[in-house]
Amino acid sequence: MKALSFLSLILLLTGCGKKGAGTDPEPPLPPALGSLREAAFPFGAAVNVNLMRSTTAYQQVVTREYRSVTAENAMKFRSLHPDAATYTWSDADYLVQYARQNNSRVHGHTLIWHNSLPSWVTNFQGDSAAWENLMKTHIQTVVGHFRGQVASWDVVNEAVAEDGTLRPSPWRQHLGPDYVARAFQYARQADPDAKLFYNDYGHEYGPTKRTAILNLVNGLKSRGIPIDGIGLQLHTNINRSDANLAAAITTAAQTGLLVHISELDVAVNPDNQAGLTLTSALQTAQKAKYKLIVQTYNALPATQRFGITTWNVTDADTWVRGYCSCPDWPLPFNDQYQKKPAYDGIVEGLQ
Ligand code: XIL
């Protein structure tokens, strides 16, 4: 009796009994996160190095919230290796130094991709041996430069086309389909400790592209090619079904590899409407998608959760506005660097 009345007193004081007699009290929520740095796995963002250098408010949000950083552009081929004999390290080195000073991990993006190639590569005249040397030299110089400082690399990005075939990129054209495997081998030689990822988009579109990517990755793994992880870009939007988003994440984990949600953003204007404004209904829909994605990811085995990275930090900095030439607000922070409902969705998904 005594114990019972003590329990009633607690329920009364905490308000947990407010649903009335016969209803089980809800378990208390864990304390709200002070920052995404407290997530059980590394939460990160892609960053614009120019903004890091120039805008204090931007750098403050990055430092407060994220314990992993990806260069949005500064480690791409065109940025690092603009001429055959020229490497420009300054922006990427700045980011690596920032990360060291602020206790953050650096994810390298990206070594071999069909985009962001300098004209000396797209115009390169050479036989397949010369192309092989070009690819190998680029990978080994870049990975070697950052050895021990960049924890992981997107070794190959977007090799699979929408119909599931291997994209006819310059790499595929000059080196044959197995360039993907050799890129991983060259990267492993240059830094045996870096985690090596195959990164792509569209896992959530449906089974065609998803299956092709999983087959590629599983094939590499079964041949003993040194691949450690699969990156899901997840440039998504509020109309994408929960079922397809969840399938993208859970099927990636079935490979047994590390899973990185590597470029997350959730667009609210998928039809590119010129006059759209951000309503609270759109914010609520966006929050729900962020929550679903983070919750599904958080349920994966802890050993496979490499991390979640959003593609930039605030709506003011997103690539989506430029890409769609339309208004959009795809990120967890608004143009004034304030948290949006989307941020709360992430926090709820982490609990
Ligand atoms: C984008 C950047 O965000 C833009 O600033 C740049 O102009 C083009 O590239 N998939 C990727 C990223 O792997 O590298 C792309 O980043 C977005 C799509």
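The values are calculated or read from the model by the stated rules, or taken from the named source; none is laboratory data. Small disclaimer: the values here were computed from a predicted structure and weren't measured. Please note: Cβ atoms are built from the backbone with ideal geometry, for glycine as well, and neighbour counts cover all protein chains shown. In case anyone asks, the SASA skips ligands and DNA or RNA and just uses the protein heavy atoms, side chains included. Shrake-Rupley method; radii C 1.70, N 1.55, O 1.52, S 1.80 Å.
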Counting other Cβ atoms within 10 Å, keep those with at most 15, restrict to DSSP loop, and tell me which chymotrypsin sites (Phe, Trp or Tyr not before Pro) in region 191-233 are left. TYR205
Would you check the accessible area of TRP89, probe 1.4 Å, heavy atoms only, in square angstrom rounded to 10? 50
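Find the relative contact order for the chain and round it to a whole percent, using C-alpha pairs within less than 8 Å whose residues are 6+ positions apart.
On the way: 626 pairs, mean separation 52.5, N = 351.
This gives 15 percent for the chain.
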Let me know the number of lysine pairs in the chain closer than 19 Å at the Cα, not counting same-chain pairs under 8 apart. 11
Take each complete run of DSSP H in the chain, measure how far its Cα atoms stretch along the helix's own axis, and keep only those covering 24 Å or more with mean Kyte-Doolittle hydropathy at least -1.0; list them. 128-145, 280-298
What is the packing order of peptides 258-264, 273-279, 39-45, taking the mean over residues of other C-beta atoms within 10 Å and listing the highest first? 258-264, 39-45, 273-279
Counting Lys and Arg as +1 and Asp and Glu as -1 over every other residue whose Cβ sits under 15 Å from the Cβ of GLY144, the net charge comes to 0
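Can you give the longest stretch of the chain with no exposed loop site, where a site means trypsin sites (Lys or Arg not before Pro) in a DSSP loop (not H, G, I, E or B) with at most 15 other C-beta atoms within 10 Å? Could the numbers behind the result be given before it?
Working: sites that count: LYS18, LYS19, ARG147, ARG223.
That gives 224-351 as the longest site-free run.
Using a/c under 1.5 as the rounded threshold, could you call region 110-163 rounded, prolate or oblate? The axes a ≥ b ≥ c are square roots of the C-alpha gyration tensor eigenvalues, and prolate needs a/b larger than b/c, oblate otherwise.
On the way: a/c = 2.14, a/b = 1.22, b/c = 1.76.
Since a/c reaches 1.5 but b/c is at least a/b, the shape of region 110-163 is classed as oblate.
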GLU38 accessible area, 1.4 Å probe, all protein chains in place, Å² to nearest 10: 110
Let me know the Rg and Dmax you get for region 38-350 when you use only its Cα atoms, in Å. 18.7, 57
Per residue, how big is the convex hull around the C-alpha atoms of region 206-351? Give it to me in cubic angstrom, could you? 112
Centre separation in Å (Cα based) which lies between region 106-155 and region 308-346: 29
In deg cm²/dmol, rounded to 500, what helix-only [θ] at 222 nm does the chain give when every DSSP H run of at least 4 residues adds -39500 (n - 2.57) and the total is split over its residues? -12500 deg cm²/dmol
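How would region 145-206 be classified by its alpha-carbon gyration tensor: rounded, prolate or oblate, with rounded meaning a/c under 1.5 and the a/b versus b/c comparison settling the rest?
On the way: a/c = 3.17, a/b = 1.55, b/c = 2.04.
Note, shape of region 145-206 comes out oblate.
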